[in-house]
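Worksheet: one structure, shown below.
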Amino acid sequence: MKRRSYHDPLHGEIILDSNDPAEAMVIALIDAPAFQRLRRIRQLGPAFLTFHGAESSRFTHSIGVLHLARRALQHLERLAPELAEHRGLIYGAALLHDVGHAPLSHAGEEMFGLHHEAWSARLVQECPELRDPLEAWAPGTAMAVAELLEHGRSPHPAAKALISSQLDCDRLDYLRRDSYSTGTSYGQLDLDRLIGALTLAPDGQLALHPRGRSAVEHYLVVRSLMYSTVYNHRLNIVANWLLQQIVQQARQSTADALFADAVMARWLWDPDAMDSSTYLANDDLRTGYHLQRWREEGPAPLQELCRRLLDRDLLQATDVRGLDRTQRLEALAMAQRLSQAAGLEPDLCCGLRERRSTGYRPYVGGLRLWNGQDLQALEQVSPLVNSLSQPQELAWLLHPREVRDQLRQQLQAATPAA
């Protein structure tokens, strides 16, 4: 087979040609079981409980990231032909950047306490099905991909920027794809203008031509809106908290008192000794099956948590970011008392989730404009972008709906100024 087509709902037809050595490498990586596993990892984890269309996979997203990286590199090679020698590195890193995701994506990282970047790098080096195609492209490519994915180190700064930066191919794809799958309408990025505006600054770093400024501003606004309305949606926060409590309760049980197959047993009770094959054996299907079993036959607290998640009997979330830290803890204690009085177990239905959303970070790889003569920081010439760099604090008090009205009344009486 010389050509392979993927019909993507966002990007249209994505064609790979095995006559091209870099694309032949990509085809081999896609066919690897470690990459095919991503078909069984939801892109947005438990967000489908909130946005019913959020069923796309990490596989679909990773193909999209590869497509955008290829487009961007083809554009940049016209400006810097020497980038062609890094094609295998860029294609490999773009495709495999998420290969180490746990079940339910970022929710799985919080559940099990791991980092997908580290596992992506490890799998690239330890799995022959991933390592061998990369090494066939050029010796040392597997290590270079691993270094780029885990530590952000790359032999060319533009290669790093395409994979991990404030305007990388990963973000360009997931913002559009997640907007599409969740039914939100503001993710229509101008990819043609964004990619066409990419250029190289005198220091070799990736920059943007000023003609792309409005498209970049729009991209950053979309990113801010997606975080506030989708990624940090209150019910996503609730579902992630429930998943964390489920794993915590499961780990408190012993192996002879809780059903867990050999794979899940290692994930729960001996994660530090987990090898690559055991890691790859876990996905949304295996984890979902264990949630069903634990709901039916686990210890009572674990049954209750799994029931809430599987039946979508989710907790309520009250915004308490207007309260200081002491007041938030007092509000949590108040929710626990009310829940106990209602005959509920406070530890299973009350929690506090705090998060700091940094938004655009100008001092961590901030974007720059380069017109061939002047190099300027984007936030210095764009008041809109400067406003997006202000961090936002999020704080949610989680509690059962049975105590919602009474809790909010007491909160209002206790903190009238808030």
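The values are calculated or read from the model by the stated rules, or taken from the named source; none is laboratory data. Just so it is clear, the model here is predicted, and its values are computed rather than measured. Methodologically, a virtual Cβ is constructed for each residue, glycine included, from the backbone with ideal geometry; neighbour enumeration extends over all protein chains shown. Ligands, DNA and RNA are stripped out before the accessible areas are found, and what is left, the full protein with its side chains, is counted by its heavy atoms. Shrake-Rupley method; radii C 1.70, N 1.55, O 1.52, S 1.80 Å.
General observations
- A count restricted to segment 274-288 and to residues that are closer than 18 Å to Cys127 by Cβ, part of a helix (DSSP H, G or I) and more than 19 Å from the chain's Cα centre (by Cα) stands at 3.
- Single residue of segment 158-183 satisfying the filter (free of Cβ contacts under 8 Å to residues at least 60 places away in the same chain and open to solvent by less than 30 Å² (accessible area, probe 1.4 Å)) that is farthest from Gln43 (Cα to Cα): Asp168
- For segment 10-66, residues that are farther than 22 Å from Arg176 by Cβ, in contact with a strand residue (DSSP E or B) (Cβ under 9 Å, 6 or more places away or on another chain) and polar (S, T, N, Q) total 2.
- Filtered residues of segment 243-270 (kept if of a type outside the set (A, V, I, L, M, F, W, C), over 24 Å from Cys349 (Cα atoms) and either in contact with a Cys (Cβ under 8 Å, 6 or more places away or on another chain) or at pLDDT below 95 (or both)): Asp256
- Selection of segment 274-296 for residues being of a type in the set (Ser, Thr, Tyr) and closer than 14 Å to Met111 by Cα yields only Thr287.
- The one condition from (1) within 19 Å of Gln74 (Cβ to Cβ); (2) more than 15 Å from the chain's Cα centre (by Cα) that Gly183 does not meet is (1).
- The number of residues in segment 270-282 being surrounded by 16 or more Cβ atoms within 10 Å (Cβ to Cβ) and out of contact with any Pro (no Cβ under 6 Å at 6 or more places or on another chain) comes to 6.
- Residues that are aromatic (Phe, Trp, Tyr) and over 19 Å from Arg307 (Cα atoms) were ranked within segment 204-259; the one that is surrounded by the most Cβ atoms within 10 Å (Cβ to Cβ) is Tyr219.
- Restricting attention to segment 67-80, the residues that are within 15 Å of Gln205 (Cα to Cα) and free of Cβ contacts under 8 Å to residues at least 40 places away in the same chain total 1.
- When segment 86-121 is filtered for residues that are touching a Pro at 6+ places or on another chain (Cβ under 9 Å) and under 22 Å from Pro202 (Cβ atoms), only His86 remains.
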